[in-house]
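Quick one: this structure, given as structure tokens, is what I'll be asking you about.
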Amino acid sequence: MTVNPDDRPATDVDPRWLRAFLAVAEERHFGRAAARLSMGQPSLSRHVQQLERVLGIKLFDRASHGVTLTEAGCLIRPRAEDVLAQNARLWSTAQAYVSASRSAMTVAAPLPGPAGGLLAEAIRRFRAGSGHAQIA
């Protein structure tokens, strides 16, 4: 199954399709892959078929005893792993940012302090080092 590049649909690849593809590639069986992903086999098959349709290539040779990767599937597999790893790094970075932006630091100091004293300098340095810090 080959597709003229001009005929390709302008569709992004859904990460669920990649997870389905990789599970089948690792399990070499649609039923075991579906169980591993806690989804029905028909849904898993649809995900793989959607990926094959969007990419315009056949990823598996299907047989009654299981599946094997096609040459194209072997080429796509490491790229699919890379995409999902990059996706995980994206989420990790976003979560780290959210956690950092929600963190709070409490500073106790005797008040009233002298103008321009140590507390004012500590606040200035804290703000300079953390662009998303809020001082209340």
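The values are calculated or read from the model by the stated rules, or taken from the named source; none is laboratory data. Please read these numbers as outputs of a predicted model, since none were measured by experiment. Glycine also receives a Cβ, built like all others from the backbone with ideal geometry; neighbour counts cover every protein chain displayed. Just the protein is used for accessible areas: all its heavy atoms, side chains included, with ligands, DNA and RNA removed. Shrake-Rupley method; radii C 1.70, N 1.55, O 1.52, S 1.80 Å.
Residues of segment 51-70 being open to solvent by 60 Å² or more (accessible area, probe 1.4 Å) and under 15 Å from Arg19 (Cβ atoms), which ones? Step through it out loud before you land on a result.
First pass over segment 51-70, keeping only residues open to solvent by 60 Å² or more (accessible area, probe 1.4 Å): 53, 58, 61-62, 64-65, 68.
None; the set is empty.
List the number of the failed condition for Arg16; all other conditions in (1) in a helix (DSSP H, G or I); (2) open to solvent by less than 40 Å² (accessible area, probe 1.4 Å); (3) out of contact with any Gly (no Cβ under 7 Å at 6 or more places or on another chain) hold.
Going through the list (1) in a helix (DSSP H, G or I); (2) open to solvent by less than 40 Å² (accessible area, probe 1.4 Å); (3) out of contact with any Gly (no Cβ under 7 Å at 6 or more places or on another chain), Arg16 breaks only (2).
For segment 95-120: of the residues being in a helix (DSSP H, G or I) and either closer than 30 Å to Glu27 by Cβ or not aliphatic (A, V, I, L, M) (or both), which is modelled with the highest pLDDT? Quick ask: steps written out before the conclusion?
Filtering segment 95-120 for residues in a helix (DSSP H, G or I) gives 95-102, 118-120.
With either closer than 30 Å to Glu27 by Cβ or not aliphatic (A, V, I, L, M) (or both) added as a condition, the list becomes 95, 97, 99, 101-102.
Details: Gln95: 85, Tyr97: 82, Ser99: 77, Ser101: 71, Arg102: 65.
Selected residue: Gln95.
Name the one entry in Val48, Val83 that is within 23 Å of the chain's Cα centre (by Cα) and at pLDDT below 95. Reasoning before the result, please.
On the way: Val48 fails: at pLDDT below 95.
When all the criteria are applied, what remains is Val83.
Among the residues of segment 19-50, what is the count of those that are free of Cβ contacts under 8 Å to residues at least 24 places away in the same chain, over 21 Å from Ala88 (Cβ atoms) and surrounded by 16 or more Cβ atoms within 10 Å (Cβ to Cβ)?
Narrowing segment 19-50 to residues free of Cβ contacts under 8 Å to residues at least 24 places away in the same chain: 23, 26-27, 31-43, 45-46, 49.
Then drop every residue that is not over 21 Å from Ala88 (Cβ atoms), which leaves 31-32, 34-35, 40-43, 45-46, 49.
This time we only want the ones that are surrounded by 16 or more Cβ atoms within 10 Å (Cβ to Cβ), so: 34, 45.
Matching residues across segment 19-50 total 2.
Kindly establish whether Leu90 is assigned to a helix (DSSP H, G or I), under 15 Å from Trp17 (Cβ atoms) and either open to solvent by 70 Å² or more (accessible area, probe 1.4 Å) or at pLDDT 90 or above (or both). Write out each step before concluding.
On the way: assigned to a helix (DSSP H, G or I): yes; under 15 Å from Trp17 (Cβ atoms): no; either open to solvent by 70 Å² or more (accessible area, probe 1.4 Å) or at pLDDT 90 or above (or both): yes.
For Leu90, the condition - assigned to a helix (DSSP H, G or I), under 15 Å from Trp17 (Cβ atoms) and either open to solvent by 70 Å² or more (accessible area, probe 1.4 Å) or at pLDDT 90 or above (or both) - is not met.
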